[in-house]
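> Please find one structure pasted underneath; my questions will follow.
Throughout, read-outs are computed from the coordinates displayed, never taken from laboratory work. Worth saying up front: this structure is predicted, and the values here are computed from it rather than measured. Backbone-built Cβ (ideal geometry, glycine too); neighbour counts: all protein chains shown.
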Amino acid sequence: MERGVIRVARKRIAVIIKDGVGDTKKSVILKKGATVEEALEAGGNTIKDGSEVRLNGDTTSMSEEVEDGDIITIFSKISGA
Amino acid sequence: MINLIDLSGLSKFVKRFDKEISGLASVVVLNPNLLLIDKYWMLNNISKPSFTEISSEALHKFFLEKIKKNEDVSNIRCWWHTHGRMSAFFSSWDLNTIEEFPDGTDWLLSVVFGNHNSVEARLDMFKPLRVEVPVRVVGRFLEKEYNVIDRVTALDVSWWKEGSLFKAIDGKGGD
C-alpha cells in the first residue's frame, strides 16, 4: 500500500512589538525561526539613531531568533535639563 | 487651543523635590481640545539640580511588565519632568529629547514643572504630520483622587456651557 504524503503546516508565531510611547503596540505573525529583524520589517518599524531594541527586556541582535509570545520593545533614554 | 488638566496629583507630588525628576504619565483625550493627566510614574535613574534622565533600560522594563500583565499602555504618552529651582520652560536639551523619541511614537504630551508653581506643556505630533502645539494648563491642578468614570461623568455635565470647569469637578469652583 502506497503511503500518502503527510503535509505539515508551517508553524506560525506571534510576536508583540512596542515602539515608543502611545498607541504603538502591535502584534505580528511570523514564520517559525524568524529573526528580530524580520519581526521589525513585518511590523514596519524603523529604528532611529539612539533607540535601543530589546527582546523580552534583554539586549539583543537583529539576527536573534524570536519565539512565539516574545515581546520586542524599542526605546531610547529620556533626559531633561 | 488644547487645554490640559491634571487629575493625578502629579503637580502636588513634584513639589517635594528641589532636584530635577522625571517620568511618564497616562493621558485621557476627553475631547479634541481637552486632555487629562490620569496617572503618573516617576522613572528617573538620574536626578540632579539641573538634569534628569530615564534610562532606556528602565523604559524597557516598565513597558515590558505592563504588557506581560496585559495592561493597556496606549495612553501612556506623556513625558513630564521638573526644573527644580528654575522656572518652567522647554530647554534646547528638552526639545532635542522630544525629537529623539522612538520612530513609532505618534504623538507626545510633554510637561515641565518649575518653581513658584510654574508649568508649561506642549504637544508634538510626529505622524502623519510633524506638528508642534502649545498646550494651556488650565486652572489649578487638582489634588483629589477620582476614578476615571467619576471624572468623565463630572466633566460631561453642564460646566462647559457655564464656563466653570472646576465647579463641576470638585465642587469648589475653579480659577
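> B:ILE76 is checked against (1) in contact (Cβ under 8 Å) with a residue 40 or more places away in the chain; (2) over 19 Å from the mean Cα position of the chain (by Cα) and fails just one. What number does that condition carry?
(2)
> Across region B:62-86, what is the number of residues that are basic (Lys, Arg) and farther than 18 Å from A:THR73 by Cα? I'd like the intermediate steps shown before the answer.
Pass one, region B:62-86, residues basic (Lys, Arg): B:66, B:68-69, B:77, B:85.
Narrowing further to those that are farther than 18 Å from A:THR73 by Cα: B:85.
Summing the residues that are basic (Lys, Arg) and farther than 18 Å from A:THR73 by Cα in region B:62-86 gives 1.
> Among the listed residues B:TRP79, B:TRP93, which satisfies the condition of being farther than 22 Å from A:GLY57 by Cβ, outside any loop (DSSP other than H, G, I, E, B) and at the interface with chain A (Cβ under 9 Å from one of its Cβ atoms)?
Values: B:TRP79 fails: farther than 22 Å from A:GLY57 by Cβ.
B:TRP93 is the lone residue from the list that is farther than 22 Å from A:GLY57 by Cβ, outside any loop (DSSP other than H, G, I, E, B) and at the interface with chain A (Cβ under 9 Å from one of its Cβ atoms).
> Turning to a different aspect of this structure: Any idea which of B:MET86, B:MET42 is touching a residue at least 24 places away in the same chain (Cβ under 8 Å), farther than 30 Å from A:ASP58 by Cβ and more than 7 Å from chain A (Cβ to nearest Cβ)? Step through it out loud before you land on a result.
Details: B:MET42 fails: farther than 30 Å from A:ASP58 by Cβ.
So the residue among B:MET86, B:MET42 that is touching a residue at least 24 places away in the same chain (Cβ under 8 Å), farther than 30 Å from A:ASP58 by Cβ and more than 7 Å from chain A (Cβ to nearest Cβ) is B:MET86.
> Is there a residue being within 14 Å of the chain's Cα centre (by Cα), assigned to a strand (DSSP E or B) and among the hydrophobic types (A, V, I, L, M, F, W, C) anywhere in region B:8-24?
Applying the first criterion (within 14 Å of the chain's Cα centre (by Cα)) to region B:8-24 yields B:8-14, B:21-24.
Still in the list and also assigned to a strand (DSSP E or B): B:22-24.
Pick out the ones that are also among the hydrophobic types (A, V, I, L, M, F, W, C) and you get B:24.
Yes, region B:8-24 contains a residue that is within 14 Å of the chain's Cα centre (by Cα), assigned to a strand (DSSP E or B) and among the hydrophobic types (A, V, I, L, M, F, W, C).
> Please find, among A:LYS26, A:LYS11, A:LYS31, A:LYS48, the residue that is in contact with a strand residue (DSSP E or B) (Cβ under 8 Å, 6 or more places away or on another chain) and within 30 Å of B:VAL27 (Cα to Cα).
Values: A:LYS11 fails: within 30 Å of B:VAL27 (Cα to Cα); A:LYS31 fails: within 30 Å of B:VAL27 (Cα to Cα); A:LYS48 fails: in contact with a strand residue (DSSP E or B) (Cβ under 8 Å, 6 or more places away or on another chain).
Exactly one of A:LYS26, A:LYS11, A:LYS31, A:LYS48 is in contact with a strand residue (DSSP E or B) (Cβ under 8 Å, 6 or more places away or on another chain) and within 30 Å of B:VAL27 (Cα to Cα), namely A:LYS26.
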